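Undergrad: This is the structure I want to talk about, given as structure tokens.
The values are calculated or read from the model by the stated rules, or taken from the named source; none is laboratory data. The structure presented is a predicted model; accordingly, all values stated were derived computationally and were not measured. Positions of Cβ are generated from backbone atoms using ideal geometry, with glycine treated the same way; all protein chains shown enter the neighbour counts. The accessibility values were calculated without ligands, DNA or RNA, using every heavy atom of the protein model including side chains. Shrake-Rupley method; radii C 1.70, N 1.55, O 1.52, S 1.80 Å.
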Amino acid sequence: MIKVTVWNENRHEQIHPEVQAVYPNGIHNAIASFLQEAGFETETATLEQSSHGLTDEVLENTDVLIWWGHIAHDEVEEAIVTKVHERVLRGMGLIVLHSGHFSKIFKKLMGTSCDLKWREAGEKERMWVVDPTHPIVDGVGEYIEIEQEEMYGEHFDIPTPDELILVSWFKGGEVFRSGCTFKRGNGKIFYFRPGHETYPTYYQKDIQQIIINGVKWANQSNSTAPYYGNQKPIENLEV
Ligand code: ZN
């Protein structure tokens, strides 16, 4: 069974009634509940917990970590970022959602500013599947429409993704690379754009399907971690 930890800074939910109205139990619990229904062993972790809920034990027992953060990126301790980074390089999957583009962990893994254009106007987003062969879009049609979302626009300052799966169009005219994959070390990373805190995006079935598919794609619990360092010969060198 794939073990997923859903991490959320959980700050908007405590201070903004309009966010509380959409996600009364927090974005992390909304995501965890559909992942649990999909058959994953799911835990949650939040910023205010000690070690932000990401102890060594939790990280070792996580196959795929999901990250949602926005207004408190700076409050995430460097020591925890270092541990998550190291764990990704050893093979833990990472799904970075929406404003997680500016999280310390995503910027560290990408090595670029990860900056973008944005606008909060509750406009329509149409997200096009540009790689219909990719497992992350299994069961999804040609495009997904979200009635109201925050706009994210290009240029998105990320390294060229290994795979580009989804591209968004916004009513205001911008486009955005909304579904991108990367590999860092032995870890697989999926950046997925939708999920502004004031809209019910994570209750939308096709959005949930993509996150479920993303977990399956990023999971590597069955693969053998490579050994690094001094190596004894496999064949007999004396013969
Ligand atoms: Zn947002």
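Undergrad: If you take the residues of region 110-136 that are touching a Gly at 6+ places or on another chain (Cβ under 8 Å) and more than 16 Å from the ligand (Cβ to nearest atom), which of them is most open to solvent (accessible area, probe 1.4 Å)?
TA: The residue in question is VAL129.
Undergrad: Filter region 37-78 for residues that are open to solvent by 40 Å² or more (accessible area, probe 1.4 Å) and of a type in the set (S, T, N, Q) and give the result.
TA: Those that are open to solvent by 40 Å² or more (accessible area, probe 1.4 Å) and of a type in the set (S, T, N, Q): THR44, GLN49, SER50, SER51, THR55, ASN61.
Undergrad: Give the residue, chosen from ILE212, ILE189, ILE146, that is away from the ligand (no atom under 14 Å from the Cβ) and either of a type in the set (Ser, Thr, Tyr) or outside any helix (DSSP H, G or I) (or both).
TA: ILE189
Undergrad: Sticking with this one: Can you confirm whether THR181 is farther than 23 Å from ASN29 by Cα and modelled with pLDDT under 95?
TA: Considered against the rule, which asks whether it is farther than 23 Å from ASN29 by Cα and modelled with pLDDT under 95, THR181 comes out as no.
Conditions (1) closer than 22 Å to ILE212 by Cα; (2) among the acidic types (Asp, Glu); (3) at pLDDT 95 or above; (4) more than 17 Å from the chain's Cα centre (by Cα), marked per residue:
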| position | (1), (2), (3), (4) |
| --- | --- |
| THR62 | yes, no, yes, no |
| TRP67 | yes, no, yes, no |
| VAL96 | yes, no, yes, no |
| GLY100 | yes, no, yes, no |
| LYS107 | no, no, yes, no |
| GLU123 | no, yes, yes, yes |
| THR133 | yes, no, yes, yes |
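Undergrad: Looking only at strands (runs of 3 or more DSSP E) that fall completely inside region 1-88, which ones have 2 or more residues that are in contact with a helix residue (DSSP H, G or I) (Cβ under 8 Å, 6 or more places away or on another chain) and in contact (Cβ under 8 Å) with a residue 60 or more places away in the chain?
TA: Answer list for region 1-88: 3-8, 64-68.
Undergrad: Moving to a separate point now. Find all pairs meeting these conditions: Cβ atoms under 6 angstrom apart; at least six residues apart or on different chains; first residue within region 128-153 and over 17 Å from ARG177 (Cβ atoms); second residue assigned to a loop (DSSP other than H, G, I, E, B).
TA: Every condition considered, the pairs that remain are GLN148/TYR199.
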